[in-house]
Amino acid sequence: LVVRMVPHQRFKRDGDDIKTDVGVDLLDAVLGGEVELLTLSGKVVLRIPPETQNGRVFRLAGRGMPILGNSKVNGNLYATVRVKMPGALNDEEKRLFEKLRDVRVTQDAKHE
């Protein structure tokens, strides 16, 4: 018997574990929030803590592949944060981002 695995477009298998990316809006990455994440067993809500960096990996225990020989136990799901930058900003949003930049520059100058 020859078994050939076809790559999945959303999940990558690593033994009993599964890896995937999760898109997080910039504001949720900065301020904290929640995102829905598709797993092999359905959707779950992933809590994003404030100041989450792009590339951070969250481990969801037991959300991976069933372990061979013990179908009651699963591997883990590792979700890598991919921060989504906002697009098509309106004038008010641009003004607020500029104000934030000015505040950050002023703070950095005080700490030098």
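Of the conditions (1) modelled with pLDDT of 95 or more; (2) in a strand (DSSP E or B), residue 72 clears all except one; give me its number.
(1)
Among the residues of the stretch 61-73, are any closer than 15 Å to residue 24 by Cβ, among the polar types (S, T, N, Q) and open to solvent by 60 Å² or more (accessible area, probe 1.4 Å)?
Within the stretch 61-73, not a single residue is closer than 15 Å to residue 24 by Cβ, among the polar types (S, T, N, Q) and open to solvent by 60 Å² or more (accessible area, probe 1.4 Å).
Scan the stretch 81-97 and give yes if some residue there is out of contact with any strand residue (DSSP E or B) (no Cβ under 6 Å at 6 or more places or on another chain), at pLDDT 95 or above and surrounded by 14 or more Cβ atoms within 10 Å (Cβ to Cβ), otherwise no.
No - not one qualifying residue is present in the stretch 81-97.
Check whether at least one residue in the stretch 83-104 is out of contact with any His (no Cβ under 9 Å at 6 or more places or on another chain), in a strand (DSSP E or B) and not acidic (Asp, Glu), and report yes or no.
Among the residues of the stretch 83-104, at least one is out of contact with any His (no Cβ under 9 Å at 6 or more places or on another chain), in a strand (DSSP E or B) and not acidic (Asp, Glu), which makes the answer yes.
Here are some residues: 38, 31. Which one is modelled with pLDDT of 95 or more and surrounded by 10 or more Cβ atoms within 10 Å (Cβ to Cβ)? Give the steps one after another, and end with the answer.
Working: 38 fails: modelled with pLDDT of 95 or more.
From the options 38, 31, the qualifying one is 31.
From the list 21, 16, 25, which residue is acidic (Asp, Glu) and modelled with pLDDT under 95?
Details: 21 fails: modelled with pLDDT under 95; 25 fails: modelled with pLDDT under 95.
Residue meeting the stated conditions: 16.
The values are calculated or read from the model by the stated rules, or taken from the named source; none is laboratory data. In this text, all values refer to a predicted model and were calculated from it rather than measured experimentally. Don't worry about glycine lacking a Cβ; one is built from the backbone with ideal geometry, like all the others, and counts go over all protein chains shown. With ligands, DNA and RNA removed, areas are computed over all heavy atoms of the protein, side chains included. Shrake-Rupley method; radii C 1.70, N 1.55, O 1.52, S 1.80 Å.
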